[in-house]
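Only one structure is covered here, and it is reproduced in the block below.
The values are calculated or read from the model by the stated rules, or taken from the named source; none is laboratory data. Computed from a predicted model, the values in this text were never measured in an experiment. Every residue, glycine among them, receives a Cβ derived from its backbone with ideal geometry; neighbour counts consider all protein chains shown. Surface areas here come from the heavy atoms of the whole protein model, side chains and all, with no ligands, DNA or RNA. Shrake-Rupley method; radii C 1.70, N 1.55, O 1.52, S 1.80 Å.
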Protein chains: 2
Amino acid sequence: MTDQRGSLSLSDIAREAGVSLTTASRALNNSYGVSAATRDKVLATARRLDYVVSPDAVRLASGSRTQRVALVVPHVERWFFGEMVNGIETVLAAANVDLLLYQVGGPEDRQDFFSRLPARRKVDAVVVVAFPVDRVEQERLELMGVGIVAAGGQSAAYPYVCIDDYQAGRMAVDHLVELGHRRIAMIAAHDPDQPGWPMRSGRSEGYVDALAAAGVAVDNSLIRDVDWGGLNAAAAMDDIFDAAQGDPPTAVFAHSDELALGAMRTLRRRGMRFPEDISIVGIDDHPVAALTDLTTVRQSVREQGEIAARLILDVLNPVADEGAPRAVTAPITLTVRASTGPVPNRTRPPAQATRDH
Amino acid sequence: MTDQRGSLSLSDIAREAGVSLTTASRALNNSYGVSAATRDKVLATARRLDYVVSPDAVRLASGSRTQRVALVVPHVERWFFGEMVNGIETVLAAANVDLLLYQVGGPEDRQDFFSRLPARRKVDAVVVVAFPVDRVEQERLELMGVGIVAAGGQSAAYPYVCIDDYQAGRMAVDHLVELGHRRIAMIAAHDPDQPGWPMRSGRSEGYVDALAAAGVAVDNSLIRDVDWGGLNAAAAMDDIFDAAQGDPPTAVFAHSDELALGAMRTLRRRGMRFPEDISIVGIDDHPVAALTDLTTVRQSVREQGEIAARLILDVLNPVADEGAPRAVTAPITLTVRASTGPVPNRTRPPAQATRDH
């Protein structure tokens, strides 16, 4: 019995009930476009295949709502996630929907979360922030009548909001290329807790294409991919300079402002000035970017949170003529500050005196 | 009836039931040390005086729990609050208690929150982070059987965890005094949304006493109190230098690292180097402090969140022999980095060339 329940998917329900996957999902979600007879048939099938699951689906079908949404974030203490939570909470609060917050770190946490949440039917929907949800988890939630929206990352399977990471990378590196830079280092980062999640790989593609458009070949000795964090970026920056002593970079593209701040510490400690000796650009417009005169590709994460919350409210109250999952791309803008400038004249070597700032 | 309910306090219940305030509170909270007969009498009185309120108290008394805690924060996107949420969520999740997150900004939000939360009896307890709760609000929650714990701020009325703000200020300024500084500026900040909340005033007292211990009179032209935020601190720093051109400060004490980062921008833009031309110290050990070589008084906010969560679990599951509300003071440590050094030799004027970093 346990095995059967563990492997049960929405497809199984649909096949057994003799309906399409879409119809099965809509029936179990009490969504539009399904007749009462069809819904009853699907619910009966779900009940037969998995008696633990079905009472909740029935409860949902009867219109019972918890008026609560779960927000799943990997790291609430980081700026990006805090801004996202801020935007989501603001919109949901105005709609009288309460927000349950879950920090879900690595794969184990994730498994625990997805196995426990629907069993207790605590929420009507889940917002996942920069976080992978696999097909089985997704179907399990849908079977429970729990909707999903993704924020801060792209998902083919459900509504999402994020920036165009490719354009963000392209915009940052195009800016450096326009200033004359050709030796451009890149510090990328991934979340070690989310293996396999293609976190912001578009930013690297933007870098590669911006260089290609300028006729510059990618030099892998100028690229590092680190576990997320400013101190790791600081170490990577040291590493790049140690490895490329003959022909060091004149500019750095960091995948986020927090990474850029780490790289800047290394560059400052090596006696370099911005932008006379080296230029650096990040992504985000973290509040500290303005305080450190860092050029960046600005995104409004709070606004993305607000959009995610509106997508969730749409999922909870679907409009009859609405179509497939919606994808919203939030705007980005280049914000030029004092950390970027023309490529330095290399006839004069960079200053060597150690400076603290 | 509305008027009566609006003005009803725990004291009214206690007086009508002929018991002490403590006994009334314990009875309504189903807490220790109250006989069944007394509890029944108090509940009956509460029911008679306010029929809307009492069913919830009865439900609590019968052992019904929501297994949810409300977390009330003014600004979840700021580092301090994010760390606090992180610590609280981690401990509550391990105890299978869910966390409802509410951002409560100004006084209006606050009134709305406290009037709506108990009416729907959504949670067993509330954690308020750096946020005032007045006597009427507190009694209203207690009457509902909703416990309160405060984090990041001191409260005489209920359990709390925070650092010793006086010691933090003292430690920061003593460090500067030991380095020979006597002209020490201070940038304090308050939250404009929380008027009347004595937010971190202890830090200013620590500054005053550290100066007094060194035989230095307070110079009000070196002190600014700003609305919270790095950019406001940057403006305040400019203001201090503009006002004190003849005898400028040789060091700056900022009430938090984010304020210090703002002040550092101004000082960098005025061509000053750390610590050769000026020293600066903050409070927090914000992750960016390590990336900007900022000396700071470190506090672990995450740990305070964990402690707050344990205090809440104690409130929900009181031990029979436990006494009055508990107060926990979290440790602080001076973390010396490159932003502080000996008082500069003023025979040589500070560099005037503008530098970006």
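Residues that are in contact with a Lys or Arg (Cβ under 8 Å, 6 or more places away or on another chain) and basic (Lys, Arg) within segment A:119-165 comprise A:121, A:122, listed in sequence order.
Give segment A:138-188 a look and list any residue that's among the polar types (S, T, N, Q) and over 13 Å from residue A:209 (Cα atoms), or say none. Passing the criteria: A:138, A:154, A:155. Conditions first: (1) at pLDDT 95 or above; (2) in a loop (DSSP other than H, G, I, E, B). Residue A:283 passes all but one, so which condition is the exception? Evaluating residue A:283 over (1) at pLDDT 95 or above; (2) in a loop (DSSP other than H, G, I, E, B) leaves (2) as the failure.
Please work out if residue B:201 is modelled with pLDDT of 95 or more, closer than 30 Å to residue B:110 by Cα and within 13 Å of the chain's Cα centre (by Cα). The answer is no for residue B:201. One residue stands out among those in segment A:287-305 that are in contact with a strand residue (DSSP E or B) (Cβ under 9 Å, 6 or more places away or on another chain) and open to solvent by 10 Å² or more (accessible area, probe 1.4 Å): the one that is farthest from the other protein chains (Cβ to nearest Cβ), which is A:298. Out of A:154, A:167, one residue alone is away from every other protein chain (no Cβ under 14 Å), closer than 30 Å to residue A:249 by Cβ and modelled with pLDDT under 95. It is A:154.
Mind checking which residues of segment A:230-259 are touching a residue at least 40 places away in the same chain (Cβ under 8 Å) and in a helix (DSSP H, G or I)? Those that are touching a residue at least 40 places away in the same chain (Cβ under 8 Å) and in a helix (DSSP H, G or I): A:232, A:233, A:236, A:237, A:240, A:258, A:259. Identify, please: which residue in segment B:113-135 is assigned to a helix (DSSP H, G or I) and open to solvent by 60 Å² or more (accessible area, probe 1.4 Å) and is, among those, modelled with the lowest pLDDT? Step by step, filter segment B:113-135, then rank; the result is B:119. Scanning segment A:81-105 for residues that are more than 10 Å from residue A:127 (Cβ to Cβ), open to solvent by less than 20 Å² (accessible area, probe 1.4 Å) and more than 7 Å from every other protein chain (Cβ to nearest Cβ) yields A:81, A:87, A:97, A:104, A:105. Take residue B:268 and decide whether it is more than 28 Å from residue B:218 (Cβ to Cβ) and part of a helix (DSSP H, G or I). When the stated conditions are applied, residue B:268 does not pass them. Among the residues of segment A:219-230, at least one is under 19 Å from residue A:77 (Cα atoms), facing another protein chain (nearest Cβ under 9 Å) and of a type in the set (Gly, Ala, Ser).
Between B:59, B:110, B:78, B:65, the distinction of being open to solvent by 30 Å² or more (accessible area, probe 1.4 Å) and either within 12 Å of another protein chain (Cβ to nearest Cβ) or at pLDDT 90 or above (or both) belongs to B:78 only. If you filter segment B:269-286 down to residues that are within 12 Å of chain A (Cβ to nearest Cβ) and of a type in the set (Asp, Glu), you find that the one that is farthest from residue A:266 (Cα to Cα) is B:277.
Against the list (1) part of a helix (DSSP H, G or I); (2) under 29 Å from residue A:278 (Cβ atoms); (3) modelled with pLDDT under 95, the condition residue B:289 fails is (3).
Among the residues of this structure, residue A:206 does not count as one that is under 19 Å from residue A:297 (Cα atoms) and within 14 Å of chain B (Cβ to nearest Cβ). May I ask you to verify whether residue A:318 is away from every other protein chain (no Cβ under 11 Å), surrounded by fewer than 20 Cβ atoms within 10 Å (Cβ to Cβ), closer than 30 Å to residue A:69 by Cα and not acidic (Asp, Glu)? Against the criterion (away from every other protein chain (no Cβ under 11 Å), surrounded by fewer than 20 Cβ atoms within 10 Å (Cβ to Cβ), closer than 30 Å to residue A:69 by Cα and not acidic (Asp, Glu)), residue A:318 qualifies.
If you check residue B:226 against the conditions, is it crowded, with 16+ Cβ neighbours inside 10 Å, free of Cβ contacts under 8 Å to residues at least 60 places away in the same chain and either under 20 Å from residue B:296 (Cα atoms) or assigned by TED's automatic domain parsing to the domain that holds residue B:127 (or both)? Taking the combined requirement at face value, the residue satisfies it. Taken over segment A:136-169, the criterion of being charged (D, E, K, R), crowded, with 20+ Cβ neighbours inside 10 Å and within 15 Å of the chain's Cα centre (by Cα) is satisfied by A:165 alone. Residues in segment A:83-104 that are in contact with a strand residue (DSSP E or B) (Cβ under 8 Å, 6 or more places away or on another chain) and among the aliphatic types (A, V, I, L, M): A:84, A:85, A:88, A:92, A:93, A:97, A:99, A:100, A:101, A:104. Filtering B:164, B:209, B:219 for residues that are under 30 Å from residue B:342 (Cβ atoms), acidic (Asp, Glu) and touching a residue at least 60 places away in the same chain (Cβ under 8 Å) leaves a single hit, B:164. Restricting segment B:234-268 to residues that are of a type in the set (Asp, Glu) and within 14 Å of chain A (Cβ to nearest Cβ), which is farthest from the chain's Cα centre (by Cα)? If we take residues in segment B:234-268 being of a type in the set (Asp, Glu) and within 14 Å of chain A (Cβ to nearest Cβ), then B:238 is farthest from the chain's Cα centre (by Cα).
Determine whether residue A:347 is more than 22 Å from residue B:272 (Cβ to Cβ), among the hydroxyl-bearing types (Ser, Thr, Tyr) and either modelled with pLDDT of 95 or more or under 20 Å from the mean Cα position of the chain (by Cα) (or both). If you could, list the steps in order and put the result at the bottom.
Values: more than 22 Å from residue B:272 (Cβ to Cβ): yes; among the hydroxyl-bearing types (Ser, Thr, Tyr): yes; either modelled with pLDDT of 95 or more or under 20 Å from the mean Cα position of the chain (by Cα) (or both): no.
For residue A:347, the condition - more than 22 Å from residue B:272 (Cβ to Cβ), among the hydroxyl-bearing types (Ser, Thr, Tyr) and either modelled with pLDDT of 95 or more or under 20 Å from the mean Cα position of the chain (by Cα) (or both) - is not met.
Checking every residue in segment B:324-333 against the condition of being hydroxyl-bearing (Ser, Thr, Tyr), open to solvent by less than 50 Å² (accessible area, probe 1.4 Å) and at pLDDT 95 or above gives zero matches.
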